[in-house]
Amino acid sequence: MSRSKRGKQRARRRTKASERRAVPAFLFIAAGVLVLAGVILLALQPQILQDQADTALAYDPEDVVYDEGLYGVHEMEPSTTPIPFLPKDGPQPKLVIPHRTWDFGRVKPTEVVTHTFVLKNEGDAPLTIARIYTTCGCTTAELTARVIPPGKVALLRLIFDAGYHDVRGQRVRRGVIIESNDPKNSEASVWATAYVLSK
């Protein structure tokens with residue numbers, strides 16, 4: 001057998017060996033990409049679900065009411081503000097909060113994050129919000145309107161300050177309590193969760 005023939009055979013064997021090694025390497029890379037894609041999808045799933053839920057909450061910006069509004073802070077004392085309920089035999093307001101929870105995901109230890117909830121009056125009389133207050137000092141709330149006419153909405157902005165307390169490395173849940181003249185739902189709430197990073 002000539003040298004050139006032996007050289008060609010060796011070259012073919014090396015090519016086949018490298019092809020055999022390339023297939024497992026390719027499978028390893030493909031498996032790694034699939035695992036990474038799965039991890040990313042799991043991480044994004046709450047946000048994807050949140051985005052889908054928010055899409056269902058569409059409202060006409062012209063329906064948003066802005067009047068004197070309300071500002072809510074953490075309060076432990078019972079309300080001294082009476083709720084202005086309407087006569088039972090007349091038209092009534094109906095408070096609807098299409099989406100009552102929000103997950104901020106991971107937040108930095110000193111980060112301030114916000115989310116806006118929609119409060120809608122689906123009743124036949126004006127909805128009066130008597131008071132809003134939060135469940136913790138790290139959370140405040142702003143409401144665009146105290147009185148919401150039938151068919152209109154007010155926007156409730158929840159503000160969470162992760163640096164208010166030292167809650168690094170913890171998952172927290174904070175809420176806003178809404179007192180209104182809806183006779184069937186005079187005390188409602190919205191909630192937000194967050195995982196506060198250690199650094």
Region 61-196: relative contact order in percent, alpha carbon pairs under 8 Å with at least 6 residues between: 34
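Within a 10 angstrom radius of the beta carbon, how do Asp182, Asp124 rank from fewest other beta carbons to most?
Ascending number of Cβ neighbours within 10 Å: Asp124, Asp182.
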Spin-label zone in region 164-189 - amide nitrogen under 18 Å from a point set 7 Å from the Cα of Thr81 along the C-beta vector: 175-183, 185-189
Whichever aspartates and glutamates have a C-alpha closer than 20 Å to that of Lys94, once near sequence neighbours (fewer than 8 apart) are set aside: Asp60, Glu62, Asp63, Asp67, Glu122, Asp124, Glu179, Asp182, Glu187
Sequence of Thr101, Thr116 once ranked by neighbouring C-beta atoms within 10 Å, starting from the fewest: Thr116, Thr101
Flagged links, alpha-carbon separation over 28 Å, of Lys120/Lys199; Lys152/Lys184; Lys108/Lys152: Lys120/Lys199; Lys108/Lys152
Fewest-first sequence of Arg131, Arg168, Arg174 by Cβ atoms within 10 Å of each Cβ: Arg168, Arg131, Arg174
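Read-outs throughout are calculated quantities, based only on the coordinates presented, and are distinct from any laboratory measurement. This one's a predicted model, so the numbers in the text were calculated from it and none came from an experiment. Don't worry about glycine lacking a Cβ; one is built from the backbone with ideal geometry, like all the others, and counts go over all protein chains shown.
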